[in-house]
1. Arranged from highest to lowest average of other beta-carbon atoms within 10 Å per residue, in what order do the peptides 34-43, 85-94 appear?
2. State, as an integer percentage, the relative contact order of the chain based on alpha-carbon contacts under 8 Å between residues 6 or more apart.
3. Of all DSSP beta bridges in the range 3-140, what percent run antiparallel (nearest 5)?
4. If you filter the range 103-141 for GluC sites (Glu not before Pro), then keep DSSP loop positions with at most 16 other Cβ within 10 Å, what is left?
5. Just how large is the dipole of the range 30-111 about the Cα centre, in debye to the nearest 20, putting +1 at every Lys and Arg Cβ and -1 at every Asp and Glu Cβ?
6. What ranking do Tyr81, Tyr44, Tyr121, Tyr101 get, fewest neighbouring Cβ atoms within 10 angstrom at the top?
7. Considering Cα pairs under 8 angstrom that are at least six residues apart, work out the relative contact order of the range 1-78 and quote it in whole percent.
8. Counting other C-beta atoms within 10 Å, which of Lys137, Lys112 has the fewest, and how do the rest follow?
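Readers should treat all values here as calculations from the given coordinates under stated rules, not as data from a laboratory. Quick caveat, the model's predicted, so the values are computed rather than measured. Glycine also receives a Cβ, built like all others from the backbone with ideal geometry; neighbour counts cover every protein chain displayed.
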Amino acid sequence: MNDSAGLLLTAAQMREIIAHCRSERPNEACGLLAGRGGRVLRVYPARNAERSPQSFLIHPDDQLRAMSEMERDGLEFTAVYHSHPTSDAVPSHRDIQLATYPEALNLIVSLKREPVVCRAYRIVGGHQSEVPLAIEKEAPDVRSK
Ligand SMILES: [Zn+2]
């Protein structure tokens, strides 16, 4: 896989994101992902300023904090993630219209059914296209319990 074209996360990062999404139900959860060349190195869970089951707005304070840390640590703003508590992992009309960060990919976690479904998209200028999402298995020596 060409890392720059898709999103690469570890299983631990994915678990953290899914746990955050579950904890915010029935509302959508959101956050930022930072890394290099599509590889995620840091997860920043954020507050959904809209507290809505159907939309999200990354809380400006959380965004500012994450962005300044990325800048300080020389990381790229890799992606925005958010959950769809009751719908599929496809961008909503609103997600496409309000994709504010064309440089970042969009990771959507659908909690509609078990197991949860995660898909990644590039959304630019009102158009969305799915990009590869790869989850790395952890080596046994870094697995937590
Ligand atoms: Zn959405």
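1. On the way: 34-43: 18.5, 85-94: 15.0.
Packing order, densest peptide first, comes out as 34-43, 85-94.
2. Numbers: 290 pairs, mean separation 36.8, N = 145.
In percent, rounded to a whole number, it is 25.
3. Restricted to the range 3-140, the bridges split so that about 70 percent are antiparallel.
4. Working: sites: Glu103, Glu130, Glu136, Glu138; in loops: Glu103, Glu138.
Qualifying residues, ordered by number: Glu103, Glu138.
5. On the way: 8 positive and 10 negative charges, 27 e Å.
Value, rounded to 20: 120 debye.
6. Working: Tyr81 33, Tyr44 19, Tyr121 23, Tyr101 15.
The order, fewest Cβ neighbours first, is Tyr101, Tyr44, Tyr121, Tyr81.
7. Values: 117 pairs, mean separation 23.2, N = 78.
The normalised contact order for the range 1-78 reaches 30 percent.
8. On the way: Lys137 8, Lys112 14.
Ascending number of Cβ neighbours within 10 Å: Lys137, Lys112.
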